[in-house]
Amino acid sequence: MRLTPEEQGMLAGEQGRATQRAMEIIVTLGHIYEAERLLDVHSVQVAGVSYRNLGEAGLEFLRDWAAEGARVRVPTTLNPAGMDLVRWQHMGISQEYARKQLETIEVYAAMGIQPTCTCAPYLVGNVPGYGEHIAWSESSAVVYANSVLGARTNREGGPSALAAAICGRTAEYGLHCDANRRATLRVEVRCAVCGLDEYAALGYLVGRDVGGGVPYFVGLSMAPLDAGSADVPQEGTSQDALQTHDALKLLGAALASSGAVALYHVQGVTPEACIEGVRPGVDLCPCGIPRLVIESLEPAITALNASVESIDLVVIGCPHASLEELRQVATLITARSPRGQRLVSDLWVTMPRRVREQGEALGLVQVIEEAGGQVIADGCVVVAPMQELPYHTLATNSAKMASYALPHAGLQVRFGSLERCINAAITGCWPTHQP
Ligand code: F3S
């Protein structure tokens, strides 16, 4: 692998032990994947934030690196923590856990990382441009960055993403290269796919089939992303386009959880599938690749639903909710639950802190909280210390949450539309005749 003189110096320790350690990780990965050179990265998303997952050994590892002088040299954002960093007591989190979680965030912040604590960094300003090389961890964020924004990243682990942030480099292999961004499976969708839960169910089905490949969807009827199609919703973005962003977000998260998908294309919608044929030498969906026909989403709905009726907790916002999703939750509660009536189940809507603040300014947070729900910033159920909390069953509209809740949080799950989830929060149950 060719290194520039500056990179050789970094590897030799000329810029300190912390940078040298980061370069050792990046160069080792480069050798393993037979990269020819390193690339400058424009931004990084670091996972490995919840103290429940890190434990004392992980926190010690971070403290050591920070004490050696580790500082990020590109804009770097952080994945969700195991709790709302401000309102953790409302979630029932113990003081002991909270203390360790807050210390973890402080160590990351000391390295110059923005404590955004979200798996949707593109909702809070970390928006890579089309074709930019980045190094992101968090599978749902990776698949969104590659597919919806057209940026280029592999599925980094927490340590390799942090190393990339500290030395500003990643190795050129995998999805940084044109050839690996071509489809490996053509997916022909022949059934209606409408709500966010249906996009999630589709992702779950296809992810099981495609594994770590690149699916290319045809037959999906979605509004186009807005001008340039490589940006997040701005003020004035049409309602349809907002729904496309959210649908693609849930589709990708599901693909990345039942499979190991880091990139997908939707014909005529995602940016690379819009400019097909324009870039010479790139045939995004080559003839002769395997084909998968989806006639029904039922197999996913069956697989993701346990036979539980009583619902303790409803979770919306996996990946973290946009302002539009928050608005939909508030609207459903207003429409279906008489003012003053408290929800029977607990309801958590998880999102970036900035979106929570926007929702508060619009009065949306207040609608949910007055009904007894919680609008949780910074946190994620899957990495929260759920064993400390009194929940056994969960309802969600996210296939990723539905497939992770049992193995990671020990919760039996009901999966379905946002409307059914909010009904479950209002009534405390999920009728068996509606799977
Ligand atoms: Fe985000 Fe947690 Fe879901 S990290 S994608 S809310 S499992």
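The values are calculated or read from the model by the stated rules, or taken from the named source; none is laboratory data. Because the structure is predicted, anything quoted here is derived from the model rather than measured. Here Cβ is always computed from backbone atoms with ideal geometry, including for glycine, and neighbour counts include all displayed protein chains.
Could you check the stretch 18-39 and list, in sequence order, the residues that are surrounded by fewer than 18 Cβ atoms within 10 Å (Cβ to Cβ) and out of contact with any helix residue (DSSP H, G or I) (no Cβ under 9 Å at 6 or more places or on another chain)? Once the filter is applied, which keeps residues that are surrounded by fewer than 18 Cβ atoms within 10 Å (Cβ to Cβ) and out of contact with any helix residue (DSSP H, G or I) (no Cβ under 9 Å at 6 or more places or on another chain), the stretch 18-39 yields THR28, HIS31, ILE32, GLU34. Among the residues of the stretch 93-131, the one identified as within 15 Å of the ligand (Cβ to nearest atom) and on the phi > 0 side of the Ramachandran plot is CYS117.
Let's see how each residue does on (1) farther than 25 Å from ASN53 by Cα; (2) crowded, with 23+ Cβ neighbours inside 10 Å; (3) of a type outside the set (Asp, Glu):
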| site | (1), (2), (3) |
| --- | --- |
| THR334 | yes, no, yes |
| VAL344 | yes, no, yes |
| ILE376 | no, yes, yes |
| GLU388 | no, no, no |
| LEU411 | no, yes, yes |
| TRP430 | yes, yes, yes |
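Checked against (1) more than 16 Å from the ligand (Cβ to nearest atom); (2) not assigned by TED's automatic domain parsing to the domain that holds SER417, VAL261 passes all but a single condition, namely (1). Do we have ILE166 as of a type in the set (A, V, I, L, M), out of contact with any Lys or Arg (no Cβ under 9 Å at 6 or more places or on another chain) and within 25 Å of PHE61 (Cβ to Cβ) here? No: the conditions fail for ILE166. If the condition is being modelled with pLDDT under 95 and more than 15 Å from the ligand (Cβ to nearest atom), then the stretch 391-435 contributes PRO431, THR432, HIS433, GLN434, PRO435.
Is there a residue being within 16 Å of the ligand (Cβ to nearest atom), of a type in the set (Val, Ile, Thr) and in contact with a helix residue (DSSP H, G or I) (Cβ under 9 Å, 6 or more places away or on another chain) anywhere in the stretch 158-179? Among the residues of the stretch 158-179, not one is within 16 Å of the ligand (Cβ to nearest atom), of a type in the set (Val, Ile, Thr) and in contact with a helix residue (DSSP H, G or I) (Cβ under 9 Å, 6 or more places away or on another chain), which makes the answer no.
Pairing residues of the stretch 179-193 that are of a type in the set (Ser, Thr, Tyr) with residues that are in a loop (DSSP other than H, G, I, E, B), at Cβ distances under 8 Å and at least 6 apart in sequence or on separate chains, gives THR184/GLY213; THR184/VAL214; THR184/ILE289; THR184/PRO290. Among residues of the stretch 1-27 that are of a type in the set (Lys, Arg), those with a Cβ under 6 angstrom from a residue that is at pLDDT 95 or above, sequence gap 6+ or separate chain, pair up as ARG2/ARG37; ARG17/GLU68.
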